[in-house]
Amino acid sequence: MINADGRRLAFHVTPGHSPAIVLDAGGGLGSSYWKNLVPKLAAATGSEIITYDRAGLGDSDEVPGPWKVESAVSDLKIGLRELGVTRNVILVSHSQAGEVATYFTRANPRLVSGAVLVDASLPELYTDKEIARLVAANKPQVDAAKADPSTKENRQLIATAENYAPMHRAYHQVSWPGSVPATVIVSEKTPFDGSPEDAQLWRDAATAFAKAGPDRTLVTAEGSSHDIPGERPGLVLSEIEKMATARG
């Protein structure tokens, strides 16, 4: 447990050498999401493997009010500093964690040596039109969470929804630093399997991201849902291995 401005954050470390590989799960998911991949990744790379629970998830303390990506970035920086990780980090970021990875890497381009973005939320998706569509689509789930805010998961969903539109309008203006290599693994079905238009926009965002800068690779997880780490762990492991070998 690491103290971050009076709050406790849960970090889990498998010892190993550099580069350190940091696994960050998507919205509503904690470090346990990676439990099956961690031992395989440690055995395959010999790297230090770090998983953690963002504030409000898993064993980490909650933060009242709207979810702020800036706070998540600060928490991760504090955690890595306390663990003595000061260079050569590879971020492996799923879904919403792609937003944390983007802002974190922009703020710390010398700390992050590479990233594997696993069906990650990317800036290119969030036009005003798409934000409005997503807010409307998520409203029933958010309303249900507000009716029963007794669980951490529901409270986190509410916190994320509270400033979703302005946060993602700002995110749309952000770009990944060209000095940091990135592999983008996009699922075939995406988080929007029931909405062909949104699913195509998600895939288009991944394609646009990959084309927007140097040292970027686009990989499609054919047949996979949004849960690529669960359904295609071998593919995720392989792409992380490639990045770790290149940055070791």
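What the phi angles of segment 200-215 give under the Karplus curve with 6.51, -1.76 and 1.60, with θ = phi - 60°, is a coupling list of 5, 5, 4, 5, 4, 4, 5, 5, 5, 4, 5, 8, 7, x, x, 6 Hz, glycine and proline written as x.
Label point of N3 set 7 angstrom out along Cα-Cβ; within segment 42-70, amide nitrogens under 16 Å from it belong to 61.
Over all pairs of different C-alpha atoms in the chain, the reciprocal of the mean inverse distance, the Kirkwood hydrodynamic radius, equals 18.1 Å.
At 0.36 nm per residue, and after removing the present C-alpha to C-alpha distance, how many nm does the segment from D204 to H17 gain when stretched out fully?
Details: separation 187, 0.36 × 187 = 67.32 nm, distance 3.61 nm.
63.7 nm is the gain from fully extending D204 to H17.
Holding the Cα-Cα limit at 27 Å, pick out from K68/K139; K152/K242; K35/K146; K77/K139 the pairs that are longer than that. Violating the 27 Å limit, Cα to Cα: K152/K242; K35/K146; K77/K139. Only DSSP H runs of four or more residues enter the estimate; each adds -39500 (n - 2.57), and after division by the residues of the chain the mean residue ellipticity at 222 nm equals -13500 deg cm²/dmol.
If you stretched the chain out fully between R133 and A246, how much longer would it get, using 0.36 nm times the residue separation minus the C-alpha to C-alpha distance? Mind showing how you got there, number by number?
Details: separation 113, 0.36 × 113 = 40.68 nm, distance 3.91 nm.
Stretched out fully, the R133 to A246 stretch lengthens by 36.8 nm.
Residues whose amide H lies under 5 Å from that of A221, counting only those 5 or more places away or on a different chain, are V186, S187, E188; hydrogens are built 1.01 Å from N in the peptide plane.
Given a 1.4 Å probe and the protein chains as shown, R232 ends up with an accessible area of around 80 Å². Taking a point 7 angstrom from the Cα of R106 along the C-beta vector, which residues in segment 37-66 have backbone N less than 20 Å away? Label zone hits: 66. Peptides 130-140, 110-120, 149-159, ordered by how many other C-beta atoms sit within 10 Å of their residues on average, highest first, read 110-120, 149-159, 130-140. Ranked by solvent-accessible area (1.4 Å probe, protein heavy atoms only, all chains present), the residues H17, H94 order from largest to smallest as H17, H94. Report the accessible area of M243, computed with a 1.4 Å probe over the heavy atoms of all protein chains in place, in Å² rounded to the nearest 10. Here the accessible area works out near 20 Å².
Roughly what % of DSSP beta bridges within the chain run antiparallel, to the nearest 5? Walk me through the intermediate numbers first.
Values: 7 of 32 bridges.
Once the DSSP bridges in the chain are tallied, antiparallel ones form about 20 percent.
Going by amide H atoms built from the backbone, whose H comes under 5 Å of the H on V116, apart from near neighbours? Close amide H contacts, sequence-distant or interchain: L91, V92, S93, T183.
The values are calculated or read from the model by the stated rules, or taken from the named source; none is laboratory data. What you are looking at is a predicted structure, and each value in this text was computed from that prediction instead of being measured. With ideal geometry, Cβ positions are generated from the backbone for all residues, glycine too; neighbour counts draw on all protein chains shown. With ligands, DNA and RNA removed, areas are computed over all heavy atoms of the protein, side chains included. Shrake-Rupley method; radii C 1.70, N 1.55, O 1.52, S 1.80 Å.
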